[in-house]
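Written below as structure tokens is the structure these notes are about.
Values quoted throughout were computed directly from the atomic coordinates according to the rules given, and no laboratory measurement underlies them. In this text the structure is predicted, and so the values were computed from the model without any measurement. Methodologically, a virtual Cβ is constructed for each residue, glycine included, from the backbone with ideal geometry; neighbour enumeration extends over all protein chains shown.
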Amino acid sequence: MSRRTVGKEIKKVDAREKVTGEALYTEDLTSDFGGVLHMRVKRAPHPHAYLRDIDTSKAEEVPGVVEIFTASDFPELKNFGLIIKDQPVLVGIDEKMRYLGDALALVVAESDKAALRARELIEVEIEELEVVDGLEKALEEDCPVVHDEEYIEATHYIDPDFCCDNVLCDHPLQRGDVEAGFAEADYVIEGEYRTQFLDQVPLQVEKGIADYDRENDVITIWAASQWLHDTQADVAQAMGLEKDQIRIKQPEIGGAFGKKEDVSVHIHLALAVRELRRPVQLIYNREESFLAQSKRHAMIIRHKTGVTEEGELTAWQTEVFGDTGAYASSGPAVLQKSLYHCTGPYDVPNVKGNSYAVYTNNPYGGAMRGFGATQMGFAYESHIDRIAAELDIDPAQLRHKNAYRKGSLTPNGQELNQSVNAVETIEGAAELAGWDIEGDHGLPAIDPTSTPLEADEEDIALGRGMATIMFGFGYGEGFPDHSIAEIELTEDETVRIRTSAADVGQGVRTVVTQIVSEVLKIDPGFIELVRGDTHTTRNAGSTSATRQTYFTGNAVKEAAEDLLGEIYHYASREFGTNHPEMAVKDGRVYSHVNSEDDMSLWELNDRLARQGVELKGRGTFFPKTYKPDTRTGQAEKVYVDYTFHTQIVDVAVDLSTGLISVENVYSGLDVGQAINPQGVEGQIEGGTAQGIGMALTEEVVVEDGVIQNPDLSRYLVPTSMDCPDIESVLIENAGSDGPFGAKGIGEPTTIATAPAIANAVYDAIGIRFNQLPIKPERVKAELERQ
Amino acid sequence: MEITFTINDEERTVDATPDQRLLDLIREDLGLTGTKEGCGKGECGVCTVIMDGEPVTSCLVLAPQADGAEIETIENLAEGDDLHPLQESFVENGAVQCGFCIPGMIMTAKQLLQEERNPDRDRIRQALAGNICRCTGYDKIIDAVEDAAQKMSGGEA
Amino acid sequence: MVDYFEELHKVEHWLDLNSIDELRSISVSGEEVRIGSMVTHSELETNPTIKELLPLLSQSAAEVGSWQIRSRATVGGNVVTASPAGDTLAPLMAHDARFVAASTEGRREIKAEDFFTGPKQNALRPGELLTEIVLPRPQAGKSRLCYWEKVGKRNAVIISSVTIAVELKISEDGKIEKARPCYGAVAPTPVLIQSAAEFLQDKNLIDVDESQAGELVAEEVSPIDDIRGTEEYRRQVSRDLTIRALRYFRREWEGDS
């Protein structure tokens, strides 16, 4: 099918202003405000303590200080939170601080220097409590309780009698009879896998500017948020205001990866501007971003799998513990999604599992690319690889044999009956890599001098590993997830799209431009987008859960089709033609039959405006999913669709230093239809880099609730020297219900890399690392043992 | 103290204090907000500008140290509506996602191409190692620099 | 400046050495190479004289931080900071450097082995400024082999976990006349391992038992556990890098003859 822009290489609509430096991120807006004040936040000195006293008197005397706020200034303030409102805006006297990010006071001053000076002079008296420093401690009997008793009762989803006051919630899963399945198996293989706390490290940290409209009692905030309307609601409820009193406008966003879902600067700024009636800005530094905002949940994952001699899976049982830290954030949902991804994309007739989100005094676990499915990918793909090794079956063959096909059932009992391309991703990646699924994995010779390692032939080991993953995208689980988009013709002869969808760099703005371009058959240059604004654009849902292309893409497509319908309706009246005779192209509407019936869209728009008719379209995409049964996790459709991804990775291991170099990566990605192929590749490449970090170099090191490495010299994200070139094949068996058959790919593109690396390391040196990151000192220690 | 320097081919004299960083001088005093701050400690490369022919992290240069220096920022590359070949190449090759690393990345790349007309991929990777990108995985950034090198060495102005 | 992040306003007095030209020079005489303390790592990396005469220094300087950092960070800064993991320190020691400290009272020279007194501690007295680094110029016609390697947790912009810098002087018949095996990040200061130096002294390069040399190093280093590596790791790696260096020397030597 010949397409205009969908599936074509088209330049991203926001790239130009980013390469010139003209794109306006939050901090670039400061000069628009006269007399902006500077805020600094005083945070908890201890990760688990009661605040007994706070004395701001000395701080208030610093010249330039305007006001210092504490909880006592806002007695009506309520807690906030994405799912459960358990997080205090400001910790008050005799209240608890539960992690180092808890806010105790807000210093507002004429200059940043003054705010910094004043903050240092705030005196705080605390009563220290025992720190719940991790999962094992949190689950001990007699362990200190991070949240009060009453909280726990309100938040247990299932079993209020479940032991342990630090369990925020638990989820169960059951299909079939695992005991019968284990009995049938020739082998039962058990494994435990551990993943670490990770930080999303978007290059732009949290920043915001707010202003106050006294006349209308409206607070406007310019700050990144992955979901404008949800942040608006959270801020409003915390402050006891109406939603309309909080207006959030989207600046350019410098990356998110889940970190910009939770409230950060928003409520603090709103409080200050409403009191002071002057604009205020709050800019985090990198350390603060590490300390105060969300992390990827550290997890302990246990699998017990029954398998026959021939490699058929008979039963799979899972237990998942996630360290959700001091506050719930997305924890309940992360642990739910984790559990529902427990087996990976493999047919298993009998499944059972439980997952638990556990409170500790660590930095809180929230959303990070993959949302639990990433940690699970490492676990099940290591486990499957181990099964292959024990059965002496080629790892690709074992995966190929068991992978989902049309008619397969997910752990939730959802039958996959369209666009099931797991097998195709295995075959696609294998072909790129030269892996013969029936035989040899085809690891090519790698010249040691071409690697970044100093090893020579004597002390280098090479290996190849594979991982195949699945990702159910969208919120699913019966959540009323939807996106609304609007489209109109403007006086400036453009087509304007109105959507709140946050573009955090992943490219949703370009995708929707292409979709409109395709439907209206008009050059992308004619299309403009407004900036997201809670007050002028409708809810598009979150830029998360890999949902924007699918949800907002469909909403925009529908809006464009709605507009097209309106164009045809009114044009046919103008022309006196029948509908089938009409078409649009390049900004004109015309009749096939009579060449005189031809008008520019904007001329039509003008004519109609004079008659008091507005030419616009609206689309709402509201696909149905079902809430899983609370006891068994089963439902007809839990996620709108699943995306599959296989990666093959070649590694070189330096036996003298334990260093691992990733040499080649081959990707087979199930995309349905790549609306912007270059954009999809960009997601694969970026996702792979994050996977390399997760596998080898990244770890938020926390001791007794204190982050030991809150900076970029000790928290190591991959540099250009750590990432290889990546080869990928996009598998486009359009058949998904996404726009033009597109599937979501933002998160699936990061999940396969870490397990593929771990499996490659096993292939290279015969040692399986079940815990991430695979640090050189651990590799070396294991090699010495041999 | 008063300092004088050339920035983007223009001579400027401003008041600077030692507790001010070159990054702040550029963004606040001169209003050139194309250069960003990512970490404040020279660890991410986001704030890279060219100073006296070398890429530097402007968060680690004290404002008074710019006295007598020649400084170039991202704002200097486009000529009116015409983009610099590097900027064009970044756009065409899909090398821009969130864009926050891009001004610093382009400045380092510009200096590389000033010193070497046709660096290979390994050399480009090495030169850009001090510019962290979290979105792209670097592949398309390297494609873009290679592409720009060809444009710049192939066609004479 | 990293130490004063968000605290620049607290500094009362600043002294900028950047404008003192004498501190930026590199000069060579018959016997010595003199490097001003304000020479940047970039300059050391690219200067042809340094590359030829002091390869351990130019190679290590090339791996400090990033291009941006190398453009500004000075070798004097690296030396005076005296981090046990400072990349140019073991190389300077291996090349037998002396540091010139100047004050209003005069000048004195401090040998590299004596300069580093503890983690981030050096032998400078209050009021002293490091002005120059002086190194013996390698003699023409004399065989010398050098090996440098930096081990870090990622491939660039990384504080080292272990560094090795070895300079060997070899006689015409393949006998090791002088060995200076130096290591960084494996002790409170950069160190020259005396026992390994003595072990290698006067032995034939092609006959040397590299495992034994490695064991001597592993025994004598005194590393700690920290975020960049465990004590055990650092011992094992310094041992294995010593072996790797000797294998490399042997290959180079045999390649030449």
What spacing in nm lies between the two simple spin-label points modelled at residue A:2 and residue A:609, each 7 Å away from Cα in the Cβ direction? 3.5
Taking the Cβ-Cβ separation of residue C:2 and residue A:440 as r and a Förster radius of 56 Å, what is the calculated FRET efficiency to the nearest 0.05? 0.65
Neighbour counts of other C-beta atoms within 10 Å: give me A:473, A:740, C:115 arranged from fewest to most. A:740, C:115, A:473
Hits for chain A under the membrane-span-like helix rule (DSSP H, Cα axial span at least 20 Å, Kyte-Doolittle mean at least -1.0) are A:373-391, A:548-575, A:677-692
Most exposed first by the Cβ proxy, i.e. fewest other Cβ within 10 Å, how do A:535, A:383 rank? A:535, A:383
What the 10 Å binned alpha carbon P(r) of the range A:557-598 shows, as percent of pairs per bin from 0, is 32, 57, 11
Using just the helices of chain A, give the 222 nm mean residue ellipticity in deg cm²/dmol: DSSP H runs with n ≥ 4 each add -39,500 (n - 2.57), and the total is spread over all residues, rounded to 500. -8000 deg cm²/dmol
How are the alpha carbon pair distances in the range B:85-154 distributed across 5 Å bins from zero to the largest one, expressed in percent? 3, 20, 34, 28, 11, 2, 0
Using label points projected 7 Å from each Cα along Cα→Cβ, tell me how many nm separate residue C:14 and residue A:578, to one decimal. 8.0
If you build a Gaussian network model of chain C, linking Cα atoms that sit under 10 Å apart, which residue out of C:186, C:157, C:64 swings the most? C:157
Binning at 5 angstrom from zero up to the longest distance, how are the C-alpha pair distances of the range B:2-76 distributed in percent? 3, 19, 32, 30, 14, 3
Angle between the Cα long axis of helix C:231-256 and the longest principal axis of chain C, 0 to 90 degrees, nearest 10? 60
Given all pairs of different Cα atoms, what value in angstroms does the Kirkwood hydrodynamic radius of the range C:9-149 take? 15.5
Taking a ≥ b ≥ c as the square roots of the Cα gyration tensor eigenvalues, with a/c under 1.5 meaning rounded and otherwise prolate when a/b beats b/c or oblate if not, chain A comes out oblate
When Cβ neighbours within 10 Å are restricted to other protein chains, what is their mean count per residue of peptide B:12-19? 2
For n ≥ 4 DSSP H runs only, could you compute -39500 (n - 2.57) per run for chain C, divide by its residues and tell me the 222 nm figure to the nearest 500? -9500 deg cm²/dmol
Rounded to the nearest 20 debye, what is the charge dipole size of the range B:85-154 about its Cα centre when +1 sits on each Lys and Arg Cβ and -1 on each Asp and Glu Cβ? 180
Build a GNM of chain C with springs between Cα atoms under 10 Å: which of C:63, C:32, C:220 gets the top mean-square fluctuation? C:32
Relative to the longest principal Cα axis of chain C, at what angle does helix C:210-220 sit, 0 to 90 degrees, rounded to 10? 40
For the range A:483-606, compute the orientation-averaged projected area of the C-alpha convex hull (one quarter of its surface), in nm². 7.5
What is the order of A:269, A:313, A:564, fewest Cβ neighbours within 10 Å to most? A:564, A:313, A:269
Rounded to a whole number, the Stokes-Einstein D of the range A:1-103 in µm²/s (Kirkwood radius over Cα pairs; 20 °C; 1.002 mPa s) is 116
For the range A:346-441, give the magnitude of the charge dipole about the Cα centre (Cβ charges: +1 Lys/Arg, -1 Asp/Glu; no others), in debye to the nearest 20. 640
Estimated FRET transfer efficiency (residue C:195, residue C:140; beta-carbon r; R0 35 Å; 0.05): 0.65
Tell me the Rg and the Dmax, in Å, that the Cα atoms of the range C:97-251 produce. 17.0, 52
Most mobile of C:31, C:149, C:113 per a Gaussian network model of chain C (Cα springs, under 10 Å)? C:31
